[in-house]
1. Pairs of alpha-carbon atoms within less than 8 angstrom and 6+ residues apart define the contacts here; what relative contact order does the chain have, in percent?
2. Using a simple charge model, +1 on the beta-carbon of Lys and Arg, -1 on the beta-carbon of Asp and Glu, nothing else, what dipole does the chain show about its Cα centre, in debye to the nearest 20?
3. Pick out, in residue order, every one of the GluC sites (Glu not before Pro) in segment 579-673 that is DSSP loop and has at most 12 other C-beta atoms within 10 Å; say none if there are none.
4. Specify the angular offset, from 0 to 90 degrees and rounded to the nearest 10, of the alpha carbon long axis of helix 40-56 from the longest principal axis of the alpha carbons in the chain.
5. Calculate how steeply helix 585-596 sits against the longest principal axis of the alpha-carbon atoms of the chain, using the helix alpha-carbon long axis, and give the answer as 0 to 90 degrees to the nearest 10.
6. Report the equivalent ellipsoid semi-axes for the chain in whole Å, largest first, defined as the square roots of five times the eigenvalues of the gyration tensor built from alpha carbon atoms.
7. If I take every Cα pair under 8 Å that is 6 or more residues apart in segment 444-624, average their sequence separation and divide by the length, what percent do I get for the relative contact order?
8. Could you calculate the contour length gain from residue 79 to residue 581, that is, 0.36 nm times the residue separation minus the distance between their Cα atoms, to one decimal place in nm?
Amino acid sequence: MADLFSSPDDIEREKYIVLCGELARCEHAYYVEAKPLIPDSEYDRLYRVVVELERAHPDWVFADSPTQRVGAALPEGSKFERLPHAVPMISIESLFGNDEVRDFDARVRKGLGLSVSTGGDLFSKPDTLSYVCEPKWDGVSASLIYEKGRFTRALSRGDGAFGEDITNNLRAVGGVPLVLRSEGHGLGVPDLLEVRGEIMIPLATFESINAALVEAGDTPFANPRNAAAGSLKRLDPQFVKKRGLRLLAWELVRCKGGPDFQTHTQAMSAVRDWGFPVTVYRAEVTDVEGMIAFHDDLEARRDEIEYEMDGVVVKVDSRILRDELGSRARTPRWACAHKFAPREESTRLLDIEIQVGRTGRLTPRAHLEAVSLGGTMVQHATLHNARYIADLDIRIGDQVVVRRAGDVIPQIMGPVLAARSGDERPFDWPSACPSCGAEPQARGEHRFCPSIDCPAQMLRRVQHMASRQALRIEGLGEKAVVQFAAAGLIQHVQDIFALDYSKVAALERWGKKSATALQEQVDAARNPDLPHFLFALGIPEVGLETARSLCEHFPTLDSLREVLAVEQNEADAIEQLSKVDGVGVEVAGSLLAFFHEPKNIAAIESLLSRGVQPQAMSLAVASAAIEGVAGKVFVLTGTLSMSRTEMKENLLAAGGKVTGSISKKTDYLIAGANAGSKINKAQSLGVEVLDETAINLLLFPT
């Protein structure tokens, strides 16, 4: 307390400290406890006092001042920096229906060697398993990192391995503690804490935002998730703050120098004590019936709840059992998302259009009379293929039932037969590609335009050819390809290797330095290994793994073209191709169709004439082989910092082999986080286990 001997500055500073503490307490009560302590107007008045004190004494400002929620805007044209996640943000398996949830429970119990619950009957040893059920919020996922109790970084989910640095914008999100609460719980503050949660806009706020946009003549947001995502992409945190975004935490990922939690329940209780808002809608259950009951109850109440949700997340509560179960490449084995039933509406089918995809697949798309589904205006829906249309007897002019599968992809479920007038007409599949006029070729239930020179495919084929898994031409992304095409610099796929770099340099946002860097990237891509070259061509049904298998049998482009030549007997060609692992009749037919199309032959010849020289498989492998990797057999398990695909690519490029299961022929098991039972099998067979650091030392020796 100030006394008679305190200076005016001391009194003012004490007032400032007290006010900051009071505002922090009010924010916690408002966002976490949902129990406002003072009216908004009073909060705003106290906030303005703090702002004035900080203006007069800028040296007083500290990290948990309420004013520090909003940092400076990024310069116009800036991009959010992409950074790696310390622990990848992998997806959760989506389940649609009670039977799939029962299967999930059975898999978990089998994986743990526990009893299986069926209609309340237990078999084998007593059940000790517990699950936690929580809402699956429909917002933007983010990871928040705290060091010594202070908020230091936030990353968006991104692709799961890398996210965008959205730290400044997260400071402006309600419920994000800038400093962890350290009083009243006895937990202390960990040295490092990583918490994940969902950034959302309350439904009432979303409606008011859209009303204001409509009044201003602007396009409203389709749904709250899009509004949240669009807000977080803005460069100005002040704008983000005005949007009224909120955080709800749903997982503790890392905690170093702090308590060791045995369960998710314990961890989330601590997360709440540290100052994070968490859901009040949760339940701990021990069987499938408990999961289903929670799901059905929450679904029935979903329109009463403040935020948008699209299902229920079910997690194994024990963190020890989670580690034992481990993860697949993309999803953990210990969690699932039991989705809500999709919302359906009926509307008029106005027409059926044909879209041409990157690989030439012709996909029918329904053009609908606009209808609102789950807050999104839907005008188009997929019809998959001709058989789907025929089996459901869908006709142009029909009243049709449309839903968003998983609340995301619009899908037509069928016609309303009782509403037919007799004026509806069947859909006739076009006899020519709507883009280039080539005759479509049928493969299974799908039809394809066989021409690599098809204008509708050109942009996407160029992007594919330049992609990392193909020729890896950095700088030739989607925006650049569209820009080059608009400028007339790219009209065909092969034009990548005949760019006029003086004209590139003259384009907006380029310049001589950027054009020269692109030229170096293009020149470096002129000598790809044959599998990547084949993959880059975008042949339907031929992924990178299939391309590698082909090149093990046909190591040069000439040897492959020989078996695919027009003069070759088709039956003989299919027989030879079918000897290749992973190549069946459908893939063989796709290869033959591609290499028999005159425009594709001309495009390949043009690529070769422009300096592209695919390297024979043996030469490519020999040049890239790394001692300690070449000739060895690897199996991957657990969660790695890079994607499984990228790790596999690195191993294959270094001359190694990658298989899916451990056997006596396996040389190494590469084990990431949550590795699971494969480690035990490896140890029983005497297979050496490497962590990611060890394999990276082999792959990338210094």
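Each value in this text was obtained by applying a stated rule to the coordinates, not by laboratory testing. Being a predicted model, the structure only gives us computed values, none of them experimental. We place every Cβ from the backbone using ideal geometry, glycine too, and count neighbours over all the protein chains shown.
1. 10 percent
2. The calculated dipole for the chain is roughly 1020 debye.
3. Answer by residue number: 627.
4. Helix 40-56 sits at roughly 90 degrees to that axis.
5. Once rounded, the angle reads 70 degrees.
6. Listed largest to smallest, the semi-axes of the chain are 48, 32, 31 Å.
7. Relative contact order here is 27 percent.
8. 176.4 nm is the gain from fully extending residue 79 to residue 581.
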